[in-house]
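The values are calculated or read from the model by the stated rules, or taken from the named source; none is laboratory data. None of the values given here were measured: they were computed from a predicted structure. Here the Cβ is made from the backbone with ideal geometry for all residues, glycine too, and neighbour counts use every protein chain on show. Just so you know, the surface numbers come from the protein's heavy atoms only, side chains and all, with ligands and any DNA or RNA stripped out. Shrake-Rupley method; radii C 1.70, N 1.55, O 1.52, S 1.80 Å.
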Amino acid sequence: MKVIEVKNLSFSYEPSFEPLIKDLTFSVEKGTFLSIIGPNGSGKTTLFRLLTGLIKPPRNSVYIWRKDINEYQRKELVKYVSALSSAELIYNEVLKVQDYLELARYPYISGLESLKSFDYSVIENTKKITQIEALSNKYLWELSQGELARVRIARVFAQDSKIIIMDEPTAHLDIDHKLWFLGTLRRLKSNEKTVITIVHDVNLAYRFSDELLVLEDGKIVFFGEKEKLDLKLMEKVFNVKIRKVNHDLLFEETF
């Protein structure tokens with residue numbers, strides 16, 4: 001089943017500007033792990049904002065569960081899509097990690113209702129999965145960049161949406177936590193979660209994803225199963241030499 005459909009999507013922040021996203025068409029099946037890659041300035045973050053409703057795409061160009069994303073109320077949309085932005089700024093003198101995670105459950109309650117035992121169990125399970133139990137009573141401002149990155153990931157997991165879309169989720173993580181986190185995303189497939197990540201580390205994207213979408217200058221130059229990726233095309237897009245060794249891609253400079 002297609003949970004995301006993008007149809008002839010073009011977008012510019014100003015009508016007089018050249019589009020940053022140019023006539024994109026693709027779909028994502030339920031339970032897929034898709035990574036979006038491309039050079040700086042290729043349109044990855046803009047596409048992230050369009051897919052998550054942070055900016056409104058043209059009508060009838062982005063569908064979530066067969067419904068135009070523009071037709072969702074924000075509180076309804078976040079039940080379907082959990083978003084982790086690379087640009088999110090978190091500074092709060094009084095908010096603790098536990099408080100921050102509880103915010104992820106508020107889309108599921110109405111009015112002045114309080115969180116229920118089920119919500120707290122989801123939060124506790126998320127803390128175990130993301131290995132942040134010891135951080136629960138720390139203030140957000142006390143955390144290191146790596147700890148905060150893991151807490152932000154935990155908030156996305158606690159939201160428990162059917163689709164997870166993340167922009168640079170492994171930034172500030174040590175290599176062991178990067179591998180653990182991407183492995184965790186793969187295991188979410190068993191719960192029928194659909195995962196989309198936007199990453200700069202092409203090798204990690206290649207190793208852990210099912211499918212790749214390669215952007216260049218706002219256009220799709222490749223979309224499909226990673227096994228079908230054309231390395232010559234990748235060399236042209238990234239201006240490097242690439243060799244495949246087992247399940248990894250090795251990069252060499254061209255100058």
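Considering only protein heavy atoms, with the full assembly of protein chains and a 1.4 angstrom probe, order I69, I129 by accessible area, largest first. Before the final figure, lay out the partial values.
Working: I69 10, I129 70 Å².
Ranked from most to least accessible, the order is I129, I69.
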Run the 1.4 Å probe and let me know the accessible area of S117, rounded to the nearest 10 Å².
-> 100
Computed accessible area, K7, all protein chains, 1.4 angstrom probe, square angstrom | 90
Dimensionless Rg over Rh [region 65-218; C-alpha; Kirkwood] | 0.96
Roughly how many percent of the accessible protein surface of the chain is carbon and sulfur, given a 1.4 Å probe and a whole-percent answer?
-> 50
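Grab the other residues whose beta carbon is less than 12 angstrom from that of S114, score K and R as +1, D and E as -1, and report the net. Mind dumping the intermediate values first?
On the way: positive: R105, K116; negative: E102, E113, D119.
In short, -1.
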Over the heavy atoms of T126, what accessible area does a 1.4 Å probe trace out, to the nearest 10 Å²?
-> 10
Tell me, what is the percent relative contact order of region 190-255, built from C-alpha pairs under 8 Å that lie six or more residues apart?
-> 24
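What fraction of the DSSP beta bridges in the chain is antiparallel, stated in percent and rounded to the nearest 5?
Working: 23 of 40 bridges.
Antiparallel bridges make up about 60 percent of those DSSP assigns within the chain.
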Per residue, what volume in Å³ does the convex hull of the Cα atoms of region 5-120 enclose?
-> 165
What order do L233, L112 take when sorted by accessible area (1.4 Å probe), most exposed first?
-> L112, L233
